[in-house]
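The values are calculated or read from the model by the stated rules, or taken from the named source; none is laboratory data. Computed from a prediction, not measured in an experiment: that's the story for all the values here. Backbone-built Cβ (ideal geometry, glycine too); neighbour counts: all protein chains shown. To get the accessible areas, we keep the full protein, side chains included, count just its heavy atoms, and leave off ligands, DNA and RNA. Shrake-Rupley method; radii C 1.70, N 1.55, O 1.52, S 1.80 Å.
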Amino acid sequence: MYKLIIVDDEPRIAEGMGQLFPWKNIGFEIARTFVSAVEALEYLQHEHVDVVLSDIQMPDMTGLDLCRALQSMEGVRIVLFSSYQNYEYFRSAIRYNVADYLLKPISYATLLECFTKLRDQLDAENQVAQERSEGYYEQIVRTVNEYLDAHYQDGTLTKCAERVSLSPTYLSRVYKEKSGVSFSDRLLHIRMERACELLSKPDHKGYDVAYDVGYDNPKNFSRAFKNHFGITPSEYRQQKKAGGTE
């Protein structure tokens, strides 16, 4: 549901528009109704809404003044309504990028057409934003995987974070959420797979394999290998030599 507020200094109109039109059927929720544009502006400074439906002529602040004040609030659509076909009103509405300008009395069909169009626009923008967001995170995961494939010997979360211009903590969280595995688990998997390849070659000593996959201490490598596969590097090599499975 997209959030909407209605602003009109006549309580009967503000409440009537909020209660009599089936907003939820077209994807909108009335967050509040206001009889004061000043109070509406104060509310908008603390609460996000998607659309403001406002009268123009009000005593404390006009709808156009409200539009001007809302120019710095990104993502807020404004629909104005008035009893007057005033050229200056139209001109100001265009200058403030008002989504629509409705004339009183507003018919059911006019309101339905206006807000159906707004809903479709909001839906399309949200879809684009989601696709961009997903593409951004997919690129991060791809970059991390490429980095680890190339730097499994000496790769670190800090160095990788510098490459994608993120903090190590944030990168760690994003990578796990989007890839399903942690950075350290992915690094360990690559090292262990590479170790298996090297252990299958008789001319590679155990300590050489350890160094080749990023372990300064062969004992640490042996321990990590056994934790990962359930057997030691020597046992793995013997199985391969005997024609067994991993």
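Here are the numbers:
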{"item": "Rg/Rh for the range 1-61, where both radii come from Cα atoms and Rh is the Kirkwood radius", "result": "0.95"}
{"item": "Per residue convex hull volume, Cα atoms of the range 47-97, in Å³", "result": "76 Å³"}
{"item": "Contour excess over end-to-end distance, with Cα ends at Tyr43 and Glu177 and 0.36 nm allotted per residue", "result": "44.7 nm"}
{"item": "Within-13-Å neighbourhood charge of Ile190 [Cβ basis; K, R +1; D, E -1]", "result": "-4"}
{"item": "Compactness of the range 136-219 as Cα Rg over 2.2 N^0.38 Å, two decimals", "result": "1.19"}
{"item": "Qualifying GluC sites (Glu not before Pro) in the range 45-138, DSSP loop, other Cβ atoms within 10 Å at most 11", "result": "Glu47, Glu74"}
{"item": "Separation of the Arg12 and Glu74 label points, Cα + 7 Å toward Cβ, nm", "result": "4.3 nm"}
{"item": "At most 15 other Cβ within 10 Å, DSSP loop - trypsin sites (Lys or Arg not before Pro), the range 181-246", "result": "Lys205"}
{"item": "Whether the range 1-106 is rounded, prolate or oblate, judged on the alpha carbon gyration tensor where a/c under 1.5 counts as rounded", "result": "rounded"}
{"item": "Surface accessible to a 1.4 Å probe, Lys24 within the full protein complex, Å²", "result": "140 Å²"}
{"item": "Structure-derived semi-axes √(5λ) of the Cα gyration tensor in Å - corresponding label in (1) 66, 17, 14; (2) 25, 21, 19; (3) 39, 28, 12", "result": "(1)"}
{"item": "Using a Förster distance of 41 Å, the FRET efficiency for Glu29-Asp185 (Cβ separation, nearest 0.05)", "result": "0.45"}
{"item": "Between the range 64-110 and the range 1-50, the Cα center-to-center distance that results, in Å", "result": "15 Å"}
{"item": "Label-zone membership for the range 109-150, site Leu166, 7 angstrom Cα→C-beta point, backbone N under 11 Å", "result": "136-145"}
